[in-house]
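Every number in this text was worked out from the coordinates using simple rules, so none of it is lab data. Worth saying up front: this structure is predicted, and the values here are computed from it rather than measured. When we count neighbours, we look across all protein chains shown, and the Cβ atoms used for this are built from the backbone with ideal geometry, even at glycine.
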Amino acid sequence: MKDSELIELLLNKQQEGLDVLIKEYGSLMRYIIKPILPDYREQEECLADVAYRIWEKINTYHSGKGNFNTWISAITRNAAYNRARDNRKKDEYEEMPEDLISKDNNPEDEILKKERMQMLHNAMSELSVKDRQLIYRKYYYMQSTEQIAAELGLTERAVEGRLYRIKKRLRGKCHE
C-alpha cells in the first residue's frame, strides 16, 4: 500500500489504517525503539503509544516538510526517549530541597544554544551521506557500535575510527 493511501486511512480514522501502519512500519519502529528501551514489554508498550500518537497527530503531517518515513521515525524516537526518561525519573525520584536554585536557562543561554545548534546543523549538512548516516545511527537512533558494524559490514574498530574522525571534523566546523 502506498503511503498516501495509508495516510488517507489514518485521516479518516479507519481501523484498517492502524493495521497497515503496524504491518508496514512496525519493524522500523521496533528497530528505533529497541536500543533505547531494552525491556521487551516497554518496547511493545512504546510501539502501541507510537501507533496511537500517529493516529492522533496524522493531520499534522505535511509531505512538503519531509517524507512519511522520517516523520514516523521522529515520533517513534521521541516517544521512546520520553518513556526512557520517565522510567528514569520514577527510579530516581527523591524530594528536592525547596531552596534549590532554578537551573532554567536565561535568554542569553537560549540564544547561544540556538546558534550552536545552527552551526552543528550546517556542519552536518556538509558531511557525506554515509558519514551523516553513521552519526544518526550512533547518536540519534542510539545503536551500538557492534550493531552498526554488523549492519554495514565493517569492524567495530573501523566504525569507532570513522566516528572519531567525523566528530573531530564537526568540532572543527563548530568552533570556527
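With respect to (1) without any contact (Cβ under 8 Å) to a residue 12 or more places away in the chain; (2) assigned to a helix (DSSP H, G or I); (3) exposed (fewer than 15 other Cβ atoms within 10 Å of the Cβ), the lone exception for ASN69 is condition (1). The residues in segment 1-38 that are surrounded by 14 or more Cβ atoms within 10 Å (Cβ to Cβ) and in a loop (DSSP other than H, G, I, E, B) can be counted, and the count is 4. Apart from one condition, VAL50 fits all of (1) without any contact (Cβ under 8 Å) to a residue 40 or more places away in the chain; (2) closer than 26 Å to GLN133 by Cβ; (3) among the hydrophobic types (A, V, I, L, M, F, W, C); (4) out of contact with any Ser or Thr (no Cβ under 8 Å at 6 or more places or on another chain); the exception is (4).
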